[in-house]
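> Here you go, one structure.
Every number in this text was worked out from the coordinates using simple rules, so none of it is lab data. Keep in mind it's a predicted model, so treat the numbers as computed, not measured. Cβ coordinates were reconstructed from backbone atoms using ideal geometry, including for glycine residues, and neighbour counts include every protein chain displayed.
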Amino acid sequence: LRPSDSNGLSDPYVKLRLGQQTRESKVVYKSLWPIWDEEFEFTGLRDELLSQPLELNVLDHDTYSLDDHIGTASIELSGLEAGRSLDVTVPLHITTAGEAQRAGRVVLRLSWAVVRGGECALGDTVLRASQRADDLLIADAD
């Protein structure tokens, strides 16, 4: 991830949104390569969940001011199959002065399963963020 604080680091966390549902990761302090290792679940009707993109907003936590925006990403879920997990690496982007710039990467494991009746649960685990391709180490959360 790109640094946001004066010490050359960031205190990143992720806001995830799927439709009207939102989840938020913990803050990883003083890191450009955070490992959140958290699971988030979104429940609802399969067709509704998988027809919408999973939106990620990575922010830098600031105690005494507004949190800084690090980058965003959007993941299409329509190709996700039941009972199978999919590891995804998505680039983060930020728009500065009207120009989109790369702001790092986030790696996730996505999966969904039927939980009851016609509802399903989409689960994902944020694994690791990276600034450059050669920094990217995918760690299994299981």
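> If you take the residues in segment 56-87 that are out of contact with any strand residue (DSSP E or B) (no Cβ under 9 Å at 6 or more places or on another chain) and more than 24 Å from Leu45 (Cβ to Cβ), which one is surrounded by the most Cβ atoms within 10 Å (Cβ to Cβ)?
Filtering segment 56-87 for residues that are out of contact with any strand residue (DSSP E or B) (no Cβ under 9 Å at 6 or more places or on another chain) and more than 24 Å from Leu45 (Cβ to Cβ), the one surrounded by the most Cβ atoms within 10 Å (Cβ to Cβ) comes out as Leu66.
> Now for a different question. Can you name the residue in segment 88-113 that is touching a residue at least 40 places away in the same chain (Cβ under 8 Å) and farther than 19 Å from Leu32 by Cα and is also surrounded by the fewest Cβ atoms within 10 Å (Cβ to Cβ) among such residues?
Leu110
> Output yes when any residue across segment 70-80 is farther than 22 Å from Gln52 by Cβ, among the aliphatic types (A, V, I, L, M) and out of contact with any Phe, Trp or Tyr (no Cβ under 8 Å at 6 or more places or on another chain), and no when none is.
Scanning segment 70-80, I find at least one residue that is farther than 22 Å from Gln52 by Cβ, among the aliphatic types (A, V, I, L, M) and out of contact with any Phe, Trp or Tyr (no Cβ under 8 Å at 6 or more places or on another chain), so the answer is yes.
> Search segment 30-55 for residues being under 18 Å from Leu92 (Cα atoms) and of a type outside the set (Val, Ile, Thr), and hand back the single one that is surrounded by the most Cβ atoms within 10 Å (Cβ to Cβ).
Pro34
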